[in-house]
Structures are given as C-alpha cells and as structure tokens.
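The values are calculated or read from the model by the stated rules, or taken from the named source; none is laboratory data. Source: prediction; values computed, not measured. Neighbour counts are summed over all protein chains in view; Cβ atoms, including those assigned to glycine, are modelled from backbone coordinates with ideal geometry.
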Amino acid sequence: MRNCSKPVGVFLILLGTSILLIVPQLQGAKEDQSFYISGHGEVLSEHPKESDTLVHSVTLENPGRKNHTIKSIEPIINDDVKPLLIDNRIYPITETKKLKGKKKVEYQGEIKIRTLQLNNDSIKALMPAIEAYAIIYDDGKEVILKSGQ
C-alpha cells in the first residue's frame with residue numbers, strides 16, 4: 001500500500017504545479033482585450049442635402065485593470081450608406097488615447113454623405129448607419145466591436 005501512495009503524491013504535486021503555471025496564462029489571455037463599447041450615438045439631418053454630415057460618437061470602457069493604448073478607431077458602415085459616401089471611403093480617427101483600467105475614453109467623428117436623392121423616410125431608414133468599429137490598440141492588435149460588445 002505504501003508503494004502506491006508515492007506515485008500518487010508525485011502525480012498530485014505535478015498536477016498542482018501545472019495548474020499554478022497554466023492559470024495565470026489563461027487569465028492574461030482573458031484580459032488581453034478587456035474593453036468594450038459602452039455607448040454609441042449618431043446624428044444625421046432628416047432633410048436631403050448635397051453634402052451632409054453623419055456625426056458619430058463612441059465610448060470605450062475598460063472594466064479590467066490592464067491599461068490599453070487606443071491607436072485608431074474606424075467606423076464600419078452598413079451597405080445602404082456606402083454608395084452615399086462623398087469621398088468613397090471612411091477615414092479612421094487616429095487620435096491616440098490611453099484607456100486605463102476601470103476608465104472610459106470617448107471618440108467623435110464625422111462621415112460626409114450625399115442625401116439629396118433621398119426623401120426623409122429613406123434617410124431615417126439609413127440609421128443606424130454604423131454597424132461596428134474596427135479598433136487598433138496596443139502594439140498593432142486589432143479588434144472589431146459591435147455596439148454593446
């Protein structure tokens with residue numbers, strides 16, 4: 001009986017050591033991207049115009065302890081808005097901000113679109129125009145977040 005307890009004891013020691021080494025790595029991976037969109041808004045005039053401005057804002061919140069550096073944030077628009085873009089592209093907001101643990105940062109931007117060929121109801125139907133945001137943070141990491149993620 002005594003010979004059996006020695007291998008069991010060695011196994012339990014190895015198992016405990018493995019758990020102590022693996023758990024911190026799993027926690028670090030979980031905290032790697034610990035921020036989310038806690039607020040999002042967009043405004044567009046309901047009256048058709050040759051050149052109109054879709055004003056948008058987004059709040060990123062970090063509930064964790066790890067600090068992040070947000071390098072750029074680019075809105076991803078829905079397919080109905082894409083053909084209305086004046087410049088045929090979206091420009092990312094490249095203002096670098098520190099997103100500290102337990103804090104929030106806000107971004108605001110504008111997208112120029114043509115609404116002259118639309119009526120008031122068609123303009124209302126475009127909203128929400130922004131489906132998600134592509135965010136580049138820390139050392140070139142990228143994530144796409146939808147509102148509420």
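In this structure, does Tyr91 turn out to be aromatic (Phe, Trp, Tyr) and surrounded by fewer than 18 Cβ atoms within 10 Å (Cβ to Cβ)?
When the stated conditions are applied, Tyr91 passes them.
Could you list, ordered by first residue, the pairs with Cβ atoms under 6 Å in which the first is in the range 31-57 and surrounded by fewer than 17 Cβ atoms within 10 Å (Cβ to Cβ) and the second is at pLDDT below 90, at least 6 apart or interchain?
Final answer for the pair search is Tyr36/Gln149.
Tell me whether the range 123-135 contains one or more residues that are surrounded by 13 or more Cβ atoms within 10 Å (Cβ to Cβ) and farther than 30 Å from Ser34 by Cβ.
yes
Can you name the strands (runs of 3 or more DSSP E) wholly within the range 26-128 that have at least 3 residues being under 15 Å from the mean Cα position of the chain (by Cα) and not hydrophobic (A, V, I, L, M, F, W, C)?
36-43, 52-62, 68-77, 103-113
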